[in-house]
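The values are calculated or read from the model by the stated rules, or taken from the named source; none is laboratory data. Bear in mind the structure is a predicted one, so any value in this text is a computation, not a measurement. For neighbour counting, all protein chains shown are included, and Cβ atoms are generated from backbone atoms with ideal geometry for every residue, glycine included.
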Amino acid sequence: MPRNISHTVTKEEEGRTILSLLRGVLGFSATQVRRMKESGGILLENAPAYTNQRVREGQVLLCRMEEERSSQNILPVPGPLCIRYEDNDLLVLDKPAGVPVHPSQGHFTDSLANFLAYEMEENRRIPFVFRGINRLDRNTSGLLTVAKHPHAQHLLSRQLHTGEFHREYQALVCGAVRPAEGTVNAPILDIPGVLRRVISPEGAPAVTHYETLEEGGPYALLRLWLETGRTHQIRLHMAHIGHPLAGDFLYGTELPPPCPRHALHSSCIRLRQPITGETIQVESPLPPFFSQLLKKAK
């Protein structure tokens, strides 16, 4: 999806080069700048411009990003798609549990990327490349951010592991957690060829904060938020402190219905809109089986 970005030069920016504005103010990567130069997509006052030109206050710099072609490895397939938020630069989707984010072995036609490709290419007739920002396991439900073009992807990816991109989850864990709120700071090691991650001093830093929202019988409902985003981070950290997620076959014990999968839900995303800078917050309601399991336990 092509996107034109315009910027009016401020008094403080007068005398700077176009390149310094593209890289330092608008946040374009070196690759994006090169591609716009090659396609003639950098204009100053609607005239083709060079990146070493210096600008004056009030001039308008226009950046035209090149037209894209759709991903050839993602088939457009109709399927469940819940869009919680959308603008010219990004979408926030609410992913059902059991749906993988990307096509993979055994899931070439039933991923979230397949369903979004169908919406964009078949319903809207827009070329589409899937650019997911945050990650969710197949059996984790909830909010996922997708960039609509390379510039938005670049800027959102830079936000991802900072305080500007805030992610909250809700999880049903086994046992009452003590203390009722706290922080788990335990590095996570990814062993090549092994699905299960482990806690190890040799791993990458991983920090998870939590607070208890409700307790019921053998379970507790937690609100969690991350400083890092390692694969399986919440699942592994909760198991590490002795409170694995309900229904987690990998780090705990699989449960019968109404717990069809591990009880983890991406409930809130707050981010800075990559182009306008405004704060966007999107929330997703808790899946019914969380409450059902708590109620049954009580």
Test R223 against the criterion of being surrounded by fewer than 19 Cβ atoms within 10 Å (Cβ to Cβ), of a type outside the set (D, E) and touching a Phe, Trp or Tyr at 6+ places or on another chain (Cβ under 8 Å), and give yes or no.
yes
Matching residues in the stretch 1-10 (outside any strand (DSSP E or B) and either at pLDDT 95 or above or in contact with a His (Cβ under 6 Å, 6 or more places away or on another chain) (or both)) number 4
Among the candidates D94, D87, which residue alone is of a type in the set (D, E) and crowded, with 19+ Cβ neighbours inside 10 Å?
D94
On the given criteria, is A239 among the small types (G, A, S), crowded, with 19+ Cβ neighbours inside 10 Å and either within 17 Å of S141 (Cβ to Cβ) or touching a Ser or Thr at 6+ places or on another chain (Cβ under 7 Å) (or both)?
no
Within the stretch 58-82, considering residues that are closer than 14 Å to S6 by Cα and part of a loop (DSSP other than H, G, I, E, B), the one nearest to the chain's Cα centre (by Cα)
M65
Please go through the stretch 179-220 and pick out each residue that is in contact (Cβ under 8 Å) with a residue 60 or more places away in the chain and not acidic (D, E).
G216, G217, P218, Y219
In the stretch 148-178, which residues are free of Cβ contacts under 8 Å to residues at least 60 places away in the same chain and small (G, A, S)?
S157, G163, A176
Of the candidates N46, N52, the one satisfying the condition of being without any contact (Cβ under 8 Å) to a residue 24 or more places away in the chain and surrounded by fewer than 18 Cβ atoms within 10 Å (Cβ to Cβ) is N46
Go through S111, S141 for me and flag whichever is crowded, with 22+ Cβ neighbours inside 10 Å, in contact (Cβ under 8 Å) with a residue 12 or more places away in the chain, within 16 Å of the chain's Cα centre (by Cα) and within 26 Å of H154 (Cβ to Cβ).
S111
Criterion first (within 22 Å of H149 (Cβ to Cβ) and hydroxyl-bearing (S, T, Y)) does S39 satisfy it?
yes
Members of the stretch 27-46 that are of a type in the set (A, V, I, L, M, F, W, C) and either in a helix (DSSP H, G or I) or at pLDDT 95 or above (or both):
A30, V33, M36, I42, L43, L44
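Which is of a type in the set (V, I, T), surrounded by fewer than 16 Cβ atoms within 10 Å (Cβ to Cβ) and touching a His at 6+ places or on another chain (Cβ under 7 Å), of T162, T228? Explain how you work it out, then say what you get.
Numbers: T162 fails: touching a His at 6+ places or on another chain (Cβ under 7 Å).
Only one candidate qualifies: T228.
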Within the stretch 194-213, is even one residue in contact with a Lys or Arg (Cβ under 9 Å, 6 or more places away or on another chain), assigned to a loop (DSSP other than H, G, I, E, B), surrounded by 19 or more Cβ atoms within 10 Å (Cβ to Cβ) and at negative phi?
yes
Among the residues of the stretch 102-144, write down those that are on the phi > 0 side of the Ramachandran plot and of a type in the set (D, E, K, R).
R125
